[in-house]
Amino acid sequence: MELVAGFLESTMRYAAPLCCAALGECVSERAGVTNIGLEGSIIAGALGATIVAGAAGTGAGFAAGIAAGVVIAAIFAVFTVWLRADQIITGTAITLLALGLTGTLYESVYGTGGVALSIPTIGAVAIPGLSAIPVIGHAFFAQPLSTYALYLLAPGLAWWLTRTHAGLALRAMGEAPEAAIAAGIRPRRTQLLAVLFAGGMAGLAGAILVLAQAGTFAERMSAGRGFIAIAIVVLGRWNPLGVAAAALLFGGASALQTLFQAMGWSGIPYQLFLAVPYLLTLVVMASSGSAGTSRPQRSPG
Amino acid sequence: MMRSATNWLTSALLFLAAAVGVLSLLLLVTGHPPAPALAALVRGSVGSGYALSTTVVRAIPLALSGLAVALAFRAGLLNIGAEGQLLMGACAATAMGGVIATLMGGSTGSDLAGGSRVVALLLILIASALAGAAWAGIAAVLRRRFGVLEVISTIMLNFIALSITGWLVRGPLQEPARINPQSASLPQGLQLPVLLPGTRIHAGVLLAVGLALALWWWLRDRASGFRLRAVGGNPFAAASAGQIAVARTTLMAFLLSGALAGVAGGVELTGVTFALYENFSPGYGYTAIAVALLARLSPVGVLGTALLFGALEAGASAMQRDAMVPSVVVSVVEASLILLVVAADRWRSRGAAEAGV
Amino acid sequence: MTVDQAQAFTDATTLALTGITHRFGSVVALDDVSLTVRAGTVHALLGENGAGKSTLMRVAFGMLTPQTGTIAVRGTAQRMTSPATALSLGIGMVHQHFTLVPGMTVAENVALGGHGRFDPLAAAAKVRAVGATAGLTLDPQAVVQTLPIGAQQRCEIVKALAREVSVLILDEPTAVLAPQEAAELLQWMRRFADAGHAVVLITHKLRDALAIADDVTVLRRGRVVYTGAAAATTQDQLRIAMVGNAGADVVAETVGAELVGAESGGATSVRDTSVNEPTVHEPAVLALHQVSVRDARGAVRLREVSLSVARGELVGIAAVEGSGQHELLRLLAGRLAPTTGRVTRPEQVGFVPEDRHRDALLLDAPLDENVALRGAGARRGRMPWRMLRAATAAILSARDVRASGPGAPARSLSGGNQQKLVLGRELADRPAAVIVENPSRGLDFQATAAVHAALREARDAGAAVVLYSSDLDEVLQLADRVVVLFDGRLVASGNDREAVGRAMLGAT
């Protein structure tokens, strides 16, 4: 039981930032823009949160993380939404740009000594009653506030996409842009807002990494989460609730290594466990048939 | 011909100037005086014979993996997985090197010369090519049979390859003493020969140039190369108007691209590092995407952009050493270059579209 | 309101475009065009493809901002900056290529563009209400991509009506419909106008225009060349206005047949059917023997179809969208394998698919590489570029393709020139069979005439030619023999336009 509770807790820990970034990307892809530069927004968010939280507290840190993510996404948007440049090429460049920028800024501000920064983190808030549920209570209901925000956001986005005209417009933009334009929807504005939202969510994911989990910053600490988030969107079939479930699945796969270590299985090298989430993603995507091809249509790049 | 070459040179210089501008701005913002930093950058990349040789050595894996990316993109495949394919190539080369060293009976290999050395090196490079192709082949099968987009699958495969490398250097391929997480060093007889004595420039440079020229010729002059380009240009028209077997062409492109990236890993192992370790590749496979894009997917152009990026990375080390500027700053320059080229392309095609309608 | 035309109708004028000029780069698409639409009328806007009809209406609908000219709605000058503005002023448009979101329901499509919360039940009720008022039946819950083409068009119209438009612009609305459906739609337009609204009907079919329109305007090369009351206009006047003097010689020859057909209205019969009946002993070049096709989802597309096409015969296929013609043509062209049954076809088949951008061209590649594409699948060894360049130059001159040379990218050519290139490529090696699908779609008059001439020439040279066009008149005009495809089966039909039209809808 202890083991399972620990497993679930570390599942949530892995899943939260991924879910956050993936929900944003889900909205962006629904509007017809795949942001391969998501990784860049995450690392920018992490550094933004780090710099500001140290000086002005965690609240401001979260805001700064979101803002940093939005700034990176705005560069992406200039190229893909305004200039209609290829999304994959631009996204690749944006990731490279953000990793370089954050590395340079970090080393310039904090030096190259490699001394681990210590940044204040937000603590977990236990929800009375719910958190006392055996096994699952602590894992799901003694979480940082940012996680609760995701609990609300996933169903909220699902509702927004299907039950508001703005959501309808966004989906139309992704699926049939000319139909959306003919219906009086402004294409660039719609896509721009979607991309910026995704950037903000990715920035928030970076802030969660720093302010709700690690309590420090490290270069390249996004560690491919932006790419994984994109895979999670595909896994979740472009549906916010599906995305949340896929993030949990991925988090669970990542948490397996912790579980097996806790169970004392030293026979299997841990490096191979690091590969499990990625393998699982491939297997699930492959087994869900045409997962890769039933995606919403992309604007021509 | 002359005119277009001049134009190309002019625009290349303009892009470079803009990138230097971006770099200077960033240096100023982060409180580094630009002049000494830029001086260090130039010194470290082209300032001396040693600097030049460092540039060339750095350019080799970038050129080979850049060719891999260019070939895939030409075929319309978004192979983001050169990094993983390169790693698997290096793993296979290490394993093959180990096997050959063992067969040689523990000799250090100094006695391995002439023909047998060539055969041994060929075997190692073939192993790396096959491993890279196999790794890319997984993405090909996932796309063909299961409809998994290669953008996603190749990124996942990169992470998996990294894990496998991490495991191999602590497990089956670890050095005999089992202290450090790395493989045993290749005996000298299994290392690529140095071309210019006194430098580290190895025979891999010939391979890179040769493969670039071969690829250029093949894409332009051979029917199979044309088919690959046609499929990349428009798979529907290739299938309908050209009656080209799109699936087979795509598979071939995947395998060739993977093989090239695998060879990049094999060459880096036998030419530079001589041993496999966890951070064997400082992201060559990702930089390769920038190299290929900046070369506009031209195989010969890849040689040029690989040299440029090699110079940037060689110069960055000097910049870090002499001017305390984080070397990661070159990523910003590389990214700016790609974005500038993308913007210029879009600008031009917009102008053309408006004039053409 | 200073224009005299507009003054004449002051109280009834609902939409007035005055002095509209629009250039794309150096090409003048609209040159000082004025158009007045009166409430309670149907205004037919006629012209060949490329005459500027659609461009003018895109201006009226706010999709294009003209360089000069004014737009007035119900007497007030307006700046039309986007479709949203147009819709808010009561102007709606049904595009030739539908602007529906295929994966969404009818109700969602109709609601698209609104604000605030979206209530699916209220949206469905609205669709039913609008449909009931206008006499257009639709299932609001149906997903658009599952609907037949006629229903999709009703959805487009309901979409516009739900915005309470008073001016409805329809761009070539009958092009994709079977004759009976087209007739119903025209009658509906008449009723809609009679109820006090206004309709602008963009068409190149004189028959449609004169059947229901009150006013007629003809555009040629971006200029108004005729405007007047339909009752006071003859078909000849319109025809001359549309075609003009340019290519008058071609008109005499090529269009002759078409015009004769158009003249006699509904009773057009297939050109000399009895004379061109294939002689039985002529060997079949193309043949389908009891062929069935299932698509990837398992749906049956063709059911036990048997057909044979003889040497020197031009067979036309008449069908409404989605009847299996797509698969039938690809079977004959060797681009699709039958699920069951047997296909006989020669080794070399020329194939001109309807979507040339998707299926026939490498848009970013030079023309010689596009010509090299034919047969690239079977080619071995080196690419003979020198020879291919010469072959390309030959096609350019033989087919009158306007291009800067074999090195020009395909994208830089106009639609008509691209089509002539594709046709030239497919006919260059004199294939024994030629399959063409909507070969004149989107082409102007001259290019269409060139395409038709090339098909006749191939037929006369002994090729077996199979043609499908969604424009029934084109099929009737070109074919020696017409076969009707309905719901994946070949059905028997009479030879006149009426009978073919009935058979296309499955009526016997």
Fill in: Residues of the stretch A:110-164 classified as within 14 Å of another protein chain (Cβ to nearest Cβ), in a strand (DSSP E or B) and touching a residue at least 12 places away in the same chain (Cβ under 8 Å), total
0
Discussion item. Exactly one of these conditions fails for C:Arg430: (1) surrounded by fewer than 18 Cβ atoms within 10 Å (Cβ to Cβ); (2) farther than 23 Å from C:Arg456 by Cβ; (3) more than 9 Å from chain B (Cβ to nearest Cβ). Give me its number.
Written reply: (2)
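Hey, does the stretch B:309-321 have a residue that's facing chain A (nearest Cβ under 7 Å) and either surrounded by fewer than 22 Cβ atoms within 10 Å (Cβ to Cβ) or closer than 13 Å to B:Leu26 by Cβ (or both)? First the steps, then the outcome.
Keep residues of the stretch B:309-321 that are facing chain A (nearest Cβ under 7 Å), which gives none.
Checked the stretch B:309-321: no residue is facing chain A (nearest Cβ under 7 Å) and either surrounded by fewer than 22 Cβ atoms within 10 Å (Cβ to Cβ) or closer than 13 Å to B:Leu26 by Cβ (or both).
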Item to complete: Those residues that are closer than 19 Å to C:Arg430 by Cβ and surrounded by fewer than 19 Cβ atoms within 10 Å (Cβ to Cβ), I need them from the stretch C:345-377; list them, please.
Response: C:Pro346, C:Glu347, C:Gln348, C:Gly375
Worksheet, complete the sentence: Taking the stretch C:139-164 and keeping residues of a type in the set (A, V, I, L, M, F, W, C) and either at pLDDT 90 or above or not in a loop (DSSP other than H, G, I, E, B) (or both) leaves C:Ala142, C:Val143, C:Val144, C:Ile149, C:Ala151, C:Cys155, C:Ile157, C:Val158, C:Ala160, C:Leu161, C:Ala162
Discussion item. Here are the criteria: (1) under 18 Å from A:Asn239 (Cα atoms); (2) not in a helix (DSSP H, G or I). Tell me which single one A:Gly184 does not satisfy.
Written reply: (1)
Fill in: Output for the stretch A:205-253, where each listed residue is under 13 Å from the mean Cα position of the chain (by Cα) and among the polar types (S, T, N, Q)
A:Ser222
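Restricting the search to the stretch C:338-396, which residues are part of a strand (DSSP E or B), facing another protein chain (nearest Cβ under 9 Å) and of a type in the set (A, V, I, L, M, F, W, C)? Working first, answer last.
Looking only at the stretch C:338-396, we keep the residues that are part of a strand (DSSP E or B), and these are C:340-344, C:349-352, C:366, C:382.
Checking which are facing another protein chain (nearest Cβ under 9 Å) leaves us with C:351, C:382.
Across the stretch C:338-396, the qualifying residue is only C:Phe351.
Determine, yes or no, whether B:Phe309 is among the aromatic types (Phe, Trp, Tyr) and not in a helix (DSSP H, G or I). Even if it seems obvious, please write down each step before you answer.
Details: among the aromatic types (Phe, Trp, Tyr): yes; not in a helix (DSSP H, G or I): no.
No, not satisfied.
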Worksheet entry | Matching residues in the stretch C:405-416 - criterion: being within 12 Å of chain B (Cβ to nearest Cβ) and either under 13 Å from C:Pro366 (Cα atoms) or assigned to a helix (DSSP H, G or I) (or both) | C:Ala408, C:Pro409, C:Ala410, C:Arg411, C:Ser412, C:Leu413, C:Gly415
Practice prompt. May I ask you to say which residue of B:Gly81, B:Gly89, B:Gly76, B:Gly98 is at pLDDT 95 or above and not acidic (Asp, Glu)?
Written response: B:Gly89
Practice prompt. Test C:Val465 against the stated conditions and say whether it is within 14 Å of chain B (Cβ to nearest Cβ), buried (at least 24 other Cβ atoms within 10 Å of the Cβ) and aliphatic (A, V, I, L, M).
Written response: no
Worksheet item: Can you name the condition, by its number, that A:Arg13 falls short on among (1) buried (at least 24 other Cβ atoms within 10 Å of the Cβ); (2) within 24 Å of B:Ile155 (Cα to Cα); (3) under 17 Å from the mean Cα position of the chain (by Cα)?
Response: (1)
Worksheet, complete the sentence: Looking across the stretch C:98-114 at residues that are under 17 Å from C:Leu136 (Cβ atoms) and within 7 Å of chain A (Cβ to nearest Cβ), the single one that is surrounded by the most Cβ atoms within 10 Å (Cβ to Cβ) is C:Leu100
Worksheet entry | Selection within the stretch B:23-50 - surrounded by fewer than 18 Cβ atoms within 10 Å (Cβ to Cβ) and either aliphatic (A, V, I, L, M) or farther than 22 Å from B:Gln320 by Cα (or both) | B:Leu25, B:Leu28, B:Val29, B:Ala35, B:Ala39, B:Val42, B:Val46
Worksheet item: Of the residues that make up the stretch B:82-95, is at least one within 14 Å of chain A (Cβ to nearest Cβ), polar (S, T, N, Q) and within 23 Å of B:Gly232 (Cα to Cα)?
Response: no
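Would a scan of the stretch B:247-254 turn up a residue that is within 21 Å of the chain's Cα centre (by Cα) and facing another protein chain (nearest Cβ under 10 Å)?
To start, the set of residues in the stretch B:247-254 that are within 21 Å of the chain's Cα centre (by Cα) comprises B:250-254.
Right, trim to facing another protein chain (nearest Cβ under 10 Å) and you get none.
Checking the stretch B:247-254: not a single residue is within 21 Å of the chain's Cα centre (by Cα) and facing another protein chain (nearest Cβ under 10 Å).
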Discussion item. Among (1) in contact with a Cys (Cβ under 9 Å, 6 or more places away or on another chain); (2) crowded, with 21+ Cβ neighbours inside 10 Å; (3) away from chain B (no Cβ under 12 Å), there is one condition A:Asn239 misses while meeting the rest; what is its number?
Written reply: (2)
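The values are calculated or read from the model by the stated rules, or taken from the named source; none is laboratory data. Just so it is clear, the structure is predicted and the values come from calculations on it, not from any experiment. Heads up, the Cβs are rebuilt from the backbone with ideal geometry, glycines too, and the neighbour counts pull from every protein chain shown.
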